[in-house]
There are 2 protein chains.
Amino acid sequence: MQFQLTSDFIKNVEQLVAKKDGNKLRELLHELHFADIAELLEELSSDEATYLIKILESELTSEALMELDDDVREKILSRLSPKEIAQELTEMDTDDAADIIAELDEDIQEEVINKLDDEERVADIIELLKYDEDTAGGLMAKELVQVKETWTVAGCVREMRRQAENVTRVHSIYVTDKEGKLKGRLSLKDLLTASEKSKISEVYIPKVDYVTVHTEGEEVARIMQKYDLEAIPVVDEDGLLVGRITIDDIVDFIKEEADKDYQMAAGISSDVEADDSVWELTRARLPWLILGLFGGLGSVYIMKGFDEAIANYPILFFFTPLIAAMAGNVGVQSSAIIVQGLANDNVKGSLVNRLVKEVGLALINGTALSALVMLFGFIVGQDLLVSIAIAVSMLSVIIVAALIGTFVPIILDRRGIDPAIATGPFITTSNDIFGIFLFFYLSKIILGF
Amino acid sequence: MQFQLTSDFIKNVEQLVAKKDGNKLRELLHELHFADIAELLEELSSDEATYLIKILESELTSEALMELDDDVREKILSRLSPKEIAQELTEMDTDDAADIIAELDEDIQEEVINKLDDEERVADIIELLKYDEDTAGGLMAKELVQVKETWTVAGCVREMRRQAENVTRVHSIYVTDKEGKLKGRLSLKDLLTASEKSKISEVYIPKVDYVTVHTEGEEVARIMQKYDLEAIPVVDEDGLLVGRITIDDIVDFIKEEADKDYQMAAGISSDVEADDSVWELTRARLPWLILGLFGGLGSVYIMKGFDEAIANYPILFFFTPLIAAMAGNVGVQSSAIIVQGLANDNVKGSLVNRLVKEVGLALINGTALSALVMLFGFIVGQDLLVSIAIAVSMLSVIIVAALIGTFVPIILDRRGIDPAIATGPFITTSNDIFGIFLFFYLSKIILGF
């Protein structure tokens, strides 16, 4: 059933593009799903892709454009005239159209908007452009099916048929009062089974979840997931129904957020993929490595400060990678749990309780690991005091690392900074430095060098 | 609009439970959304929660049960009689009912199934129990609206009303032939706008995406996301329509998968949350720390093998945390990109191309970092040959770490093992050992100690 994009197929398309054989291309591609067209476009050069966008029907290409990676789309749009862009926009839902316009250079934005003819849509799009990308206002579309509570079911079905023309998928029918204030919703099922003469006000469900235009995207995702919603209406400050957000936009949002957090934890600072250019990948990766390098150089300095131990206790220096690994791993574990907890809104209770719990957890893990280190020392015949110094200072390092890993994200979150930046290289690097210092400092006290 | 679970509210509920005041509790809670009931249940003791489940209507509690954490649900179910469990199941969709039954002990499973009365449903549930949890068969529900291509639109609307009674949300109407083979779909919109007398075979859309019962959950999620589907039909080996999967189940699946990958990368081996018990958190975290500990002890041994360098080049030992950090960070970056690429299905091209690209990337990053190390050495007046030894061996370590980070997940994936286990502690630990060995080995050659 599924279309498979083969290299033969791509080659065939490339040859037809080279021959400028529009008819054959249209014939070859018009049965494809827009998501497959998008995959194809990503495999072509920008010029080839632009040619396809120009010759294929906008109905197909407008949706494919939305599926493309931002950078691929940017290249294609820069090769299209304002009129051609406007043509694509005409086939899009208002939210997608607004997103595209927001991506254009400012001087072209106006030209494109001027080329759009449907005035109502233009007003809708301009309204959507006002909102921040990551808020409900930025995520919503203006397309929805809206009925007034004073109508009858029969009138509602008529009106719905008319409105449904513009709405790709009907999730819910929203009921408003005369002024347009959201009152409730109506399921298609209810509409099908209600008597034709009843008033909407008698059959609608007054309980309806909604968000306001300023609700954060993450909060919208949380609500829709928690309540298993497939669409949610959006109201403005006055409670007027202004749009709706559908689950497919939220699925993409959830996926993007998860990918971003994952990459952040792995020390990759911008949204890149395995197939991006070496240059893009370097830009995303090198800054974190440089951070790690500075951390490592900091450790060099710390150890230089303890170099009197080299003569009698060289073994301590052999243990530094172990200490760094423990500090890093414990810190990443603690921060990952907190970052996820913050995202899912289940970090509850007071800071003191959390502190007690983290220290308890670190004590259990640390004691188990210290016991293993003591055992190792015993087996290889290491000096007992050295083993004790290593075990005790490792235990302390683990406790401190857990506290840093727990509280740095919480503090960042309370200051309104994305706590996800505190995972990965950030936490491992700072824990490396703290950990190594603490290790040598405590060892010095215990061993007295 | 949103219900907020306050500690006062919880206290109130607890007091009413203590008094066994069922009426007041029903009154207090019957307006709540099932997702809020679930949140409340998670805050109560198992006995209190079980009491609520028993006295509230199954219509409300059955859905709340599905929202609970597995361990909370397990505790509550163990306190319910087979008959009480069966009562909850009666209100659930077949997919949820099958999931619950699968969670029960085997001896109770049968008792519960015997207490269910609707024979058709029992057959459906038993069928669903056959499938692996993470396949389309395990994810699908039997509830769907199905019409035959030979019917008229009017007959279809009648039949739909009847079937819709059992289906919470109607996404699509599936069209089958007489034998029940999936032929296509029909949107509610089409049905509303088509003439009553036309045959379904004249109005249905023959192009329909579907999956088979054995399709992996990840693949289902990929297809539904790619094609923006809100529901997808599931067919068996013979093409017979057997169920459908809705997007809300897939959203949970995507979220769970993302959380799992994230935790795996952070060295947390089972699904835990910040509020889980210290014991559960220890079980999830300690194994990875022990792995890291063994890695660290391995490094101790490697360095012992190079201890002749201590006299003349103690500085090398100060650099080991830096080398370990670089090896770890580069490895995690490479593996994270590959793991994500594999999940999103965009790791294309041959292994040789990927090898060339990764080496190129590592060369660029490594050269930049080595230059910084040389600069550092120059500034602090370090012996030039020592700086060169450190820079060159660090560059080699970075290249090797990138290769390990790239190819270990690819190899695991090709062998059918989840590549996500190769991120985090696994890759940092192995890269630490390889990196430190390579560092000292190359330094020894360059410096000749």
- Query: Does any residue in segment A:363-385 that is at positive phi come within less than 7 Å, Cβ to Cβ, of a residue that is surrounded by fewer than 19 Cβ atoms within 10 Å (Cβ to Cβ) and not in a helix (DSSP H, G or I) six or more places away or on a different chain, and which pairs are these?
  - Reply: none
- Message: Quick test of your reading of the structure: B:Q4 fulfils all but one of (1) farther than 17 Å from B:Q87 by Cβ; (2) of a type outside the set (K, R); (3) away from chain A (no Cβ under 14 Å). Name the failing condition by number.
- Response: (3)
- Would you check if B:F449 is under 20 Å from B:P314 (Cα atoms) and buried (at least 23 other Cβ atoms within 10 Å of the Cβ)? no
- Would a scan of segment B:289-303 turn up a residue that is more than 7 Å from chain A (Cβ to nearest Cβ), among the aromatic types (F, W, Y) and over 30 Å from A:D8 (Cα atoms)? yes
- Filter pass, A:P409 being within 17 Å of A:D261 (Cβ to Cβ) and either without any contact (Cβ under 8 Å) to a residue 60 or more places away in the chain or within 11 Å of chain B (Cβ to nearest Cβ) (or both): yes
- Query: If A:S270 passes every condition in (1) surrounded by fewer than 22 Cβ atoms within 10 Å (Cβ to Cβ); (2) at pLDDT 90 or above but one, which one does it miss?
  - Reply: (2)
- Every residue from segment B:315-348 that is buried (at least 24 other Cβ atoms within 10 Å of the Cβ) and more than 8 Å from chain A (Cβ to nearest Cβ): B:L316, B:A327, B:G331, B:S334, B:V339
- Do you know which of the residues in segment B:304-314 that are more than 8 Å from chain A (Cβ to nearest Cβ) and among the hydrophobic types (A, V, I, L, M, F, W, C) is farthest from B:L442 (Cα to Cα)? B:A311
- Among the residues of segment B:219-261, write down those that are more than 14 Å from the chain's Cα centre (by Cα), more than 7 Å from chain A (Cβ to nearest Cβ) and of a type in the set (D, E). B:D236, B:E237, B:D238
- Item | Of all residues in segment B:16-30 being in a helix (DSSP H, G or I) and free of Cβ contacts under 8 Å to residues at least 24 places away in the same chain, the one that is surrounded by the most Cβ atoms within 10 Å (Cβ to Cβ) | B:L16
- Query: Out of all the residues in segment B:104-119, which are in a helix (DSSP H, G or I) and either modelled with pLDDT of 90 or more or over 27 Å from the mean Cα position of the chain (by Cα) (or both)?
  - Reply: B:D107, B:I108, B:Q109, B:E110, B:E111, B:V112, B:I113, B:N114, B:K115, B:E119
- Being among the charged types (D, E, K, R) and under 24 Å from B:K178 (Cβ atoms) is the filter here, so list the residues in segment B:123-163 that pass it. B:D124, B:E127, B:K142, B:E143, B:K148, B:E149, B:R158, B:E159, B:R161, B:R162
- Need at least 2 residues that are closer than 25 Å to A:W151 by Cα per element, so show me which helices (runs of 4 or more DSSP H) inside segment A:169-239 make the cut, counting only ones lying wholly within it. A:188-193, A:200-203
- Please state which one of B:D95, B:D47, B:D36, B:D71 is assigned to a helix (DSSP H, G or I), charged (D, E, K, R), within 27 Å of the chain's Cα centre (by Cα) and surrounded by fewer than 19 Cβ atoms within 10 Å (Cβ to Cβ). B:D71
- Task: May I ask you to verify whether B:K444 is more than 11 Å from chain A (Cβ to nearest Cβ) and crowded, with 17+ Cβ neighbours inside 10 Å?
- Result: yes
- Task: Test A:D276 against the stated conditions and say whether it is under 30 Å from B:M224 (Cα atoms) and more than 7 Å from every other protein chain (Cβ to nearest Cβ).
- Result: yes
- Message: For a quick check of your reading of the model, give me the residue pairs whose first member lies in segment B:331-349 and is modelled with pLDDT under 85, whose second is of a type in the set (K, R) and surrounded by fewer than 24 Cβ atoms within 10 Å (Cβ to Cβ), with beta-carbon atoms closer than 7 Å and at least 6 apart or on different chains.
- Response: B:D345/B:R222
- Consider B:I268 carefully, then state whether it is facing chain A (nearest Cβ under 7 Å), in contact with a Leu (Cβ under 9 Å, 6 or more places away or on another chain) and either acidic (D, E) or not in a helix (DSSP H, G or I) (or both). yes
- Query: On the given criteria, is A:V157 within 13 Å of chain B (Cβ to nearest Cβ), outside any helix (DSSP H, G or I) and modelled with pLDDT under 85?
  - Reply: no
- Task: Quick one: which residue in A:D117, A:D93 is within 23 Å of A:L144 (Cβ to Cβ) and in contact (Cβ under 8 Å) with a residue 60 or more places away in the chain?
- Result: A:D93
- Among the residues of segment B:130-165, count how many are closer than 15 Å to B:V234 by Cβ and among the hydroxyl-bearing types (S, T, Y). 2
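Matching residues to (1) crowded, with 21+ Cβ neighbours inside 10 Å; (2) modelled with pLDDT of 85 or more; (3) among the acidic types (D, E):
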site	(1), (2), (3)
A:V211	yes, yes, no
A:A221	yes, yes, no
A:D236	no, yes, yes
A:L240	no, yes, no
A:I247	yes, yes, no
A:F253	no, no, no
A:D275	no, no, yes
A:W279	no, yes, no
A:T282	no, yes, no
- Checking B:V300 against (1) in a helix (DSSP H, G or I); (2) surrounded by fewer than 18 Cβ atoms within 10 Å (Cβ to Cβ), which single condition isn't satisfied? (2)
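The values are calculated or read from the model by the stated rules, or taken from the named source; none is laboratory data. The shown structure was predicted, so the numbers you read here are calculated from the model rather than taken from an experiment. Because the Cβ atoms are built from the backbone with ideal geometry, glycine has one as well, and the counts that use them run over all protein chains shown.
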